């Protein structure tokens, strides 16, 4: 009997299953789903055996702790290298310093608004309120004072700050270090290049850790279910609803108000023009994969000057994540605090907002930016990282909304800046938008990767 023809012209032997049983060849999200299903099943089995908590502590917690430790160890060097390199590269934009300042300023403003919306929605919805504690030993957090915040921002010993996971102090020192490299001119370029190499290495390390997420989530979610039972998964529906509600508020209220008041353009036309990029972002769940389409949208449909779009759009795709880096960690931090029984005061909420806004500089361009941003935020506030494995259960569901918001913010800011600088062609913006394919293979290479003339200051 002749074999069946498999995809790519390979002949499948008779009787070979059509489903690929090699799990390591599956898509990443499929591996996570399988790991979570197995984790829930194993956890439920251990829970039914009687001493679920004891069995989880002996057989699941040690491996879950290894995964969370790996997440912790990569955050500080990644953030330091990313911020130093980002600031060090500012010398390359030459006479577009004003455009760079405006662009970065709007990145911060819109991220702060998104973070505030996430916190407000989370405090209204209370996705983790009234639930059993994830771990009794992590139920309380020490109150944070403004003096402690200032001390964390300006540590007396950077080595201690790094070893203690003081991310805010690392961010401050990295910003000063990067600014000094720019200030000394050509002498700082070699060190910037070296730190850039470190950044590339850390990105690879982060990718390796992220690839372990299915294994880590198996042990983490299994431990939760074994200790507290399958009913402990119920609050995830409420958490998902809070994320989607916060994203909707930012898309329907946040960006439109900014576009109308500061950009003096029609939000409806903006969304009409930007629809191809937003649609692809939702389907692909990848800001970087959407970049070529977003680039064409900005130039051909929104009317942003080609040279400025070639600078701002790739920059936004690497350091601006209103979904992954602002709303998600804000809502998740409140959820984890409520679920573990930890009390958060005004200072802690301010820390969450600060970590979410500033942390985007350090998570940009990394694989799994939402995971890195969440790790950074929870570490900053002192909340347990064990909850990360719990939230991964619905990561694929909320990732589509997060990425759509990421790209919407990355498109909004260049339009605002271009409008204020006279770099927006209103005839193109208000005209009939041309068709743009959503196939990245047919989209031109982003302008930022080509040699381009400086934009007049």
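Quick one: would you say residue 403 is farther than 29 Å from residue 267 by Cα, surrounded by 24 or more Cβ atoms within 10 Å (Cβ to Cβ), under 16 Å from the mean Cα position of the chain (by Cα) and modelled with pLDDT of 85 or more? Here the answer is no, as residue 403 does not meet what is asked. Of 191, 119, all but one fail to be modelled with pLDDT of 90 or more, within 30 Å of residue 221 (Cβ to Cβ) and out of contact with any strand residue (DSSP E or B) (no Cβ under 8 Å at 6 or more places or on another chain); the exception is 119.
Taking the criterion of being on the phi > 0 side of the Ramachandran plot and in contact with a strand residue (DSSP E or B) (Cβ under 7 Å, 6 or more places away or on another chain), the only residue of region 299-346 that qualifies is 303. No other residue among 230, 256, 235, 214 is within 28 Å of residue 119 (Cα to Cα) and modelled with pLDDT of 80 or more apart from 256.
The values are calculated or read from the model by the stated rules, or taken from the named source; none is laboratory data. Keep in mind that what you see is a predicted model, and the values were worked out from it rather than measured. Glycine also receives a Cβ, built like all others from the backbone with ideal geometry; neighbour counts cover every protein chain displayed.
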